[in-house]
Amino acid sequence: MNSKVLNANIRDVAREAKVSVATVSRFLNKTAVVSPPAAERIQAAVALLKYVPNAAARTLTNHRRTNLLALVVPFSTFIHHPLGIFFAPMLTGIEIVTTEHGMNLAISANPARFADPLSLALGPRNSDGMLVFADSIADQALIHMHSQGFPMVLMHRSPPPGLDIPCVLVENERPVFELVEHLVQVHGRRRILFLRGVETQQDSVERERGYTRALQANGIEFDPALVLSG
């Protein structure tokens, strides 16, 4: 990826659109009318450079905060577990903390992983920070928003290599390894069914790795027919 595009700022947009920085600022902040030709050039430059306004800088400039925390989740998680035993308590905890700090919570879900930060319904333009659940946003978009200084916390997912983004993880591989080993050594079971989660999510990958490692450690041949998706 071109680092110049990745780190584009408002001056780059102005240069590409052949307008002043003030004109770009007025257009993005909707503080004044900009001529249609200039607006079209600015929109094209923003798309070309993948420019996302720095939320922190805009807050300082406008002397205001959005008081909105964004939560981005995979569509499958939101649809299949909206009030489930896992998702509901997590959502309740997030809402309690945001309310205690005088903030509002907005949730965004999409069938596809967000790869372009400009396609996000929630993000640096309209929120003060973001919680990213599992694989709801592609590494490319995370890298871009991180380069803009946008605050994020990842849940059930490690950050892309080289990025210092806070994350909340659970241990998956070792517990599954121990569960399978218990079934083999204590109960004498050797044909053990494994119900796989979403294949693109880190939790699912780590759990399946624990399953296959336990089979290997106990001399059991892996049988793909015993691995189901669900």
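Derivation of every value follows stated rules applied to the coordinates shown; laboratory data play no part. This one's a predicted model, so the numbers in the text were calculated from it and none came from an experiment. Every residue, glycine among them, receives a Cβ derived from its backbone with ideal geometry; neighbour counts consider all protein chains shown.
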FRET efficiency for Arg15 and Ala106 from the Cβ-Cβ distance with R0 = 35 Å, rounded to 0.05, comes out at 0.55
Loop-resident GluC sites (Glu not before Pro) in the range 198-230 with no more than 11 other Cβ atoms inside 10 Å, DSSP not H/G/I/E/B, are Glu199, Glu221
The FRET efficiency for Glu181 and Phe87, from their Cβ-Cβ distance with R0 = 30 Å and rounded to 0.05, is 0.55
With Val170 itself left out, Lys, Arg at +1 and Asp, Glu at -1 over residues whose Cβ is under 13 Å from its Cβ give -1
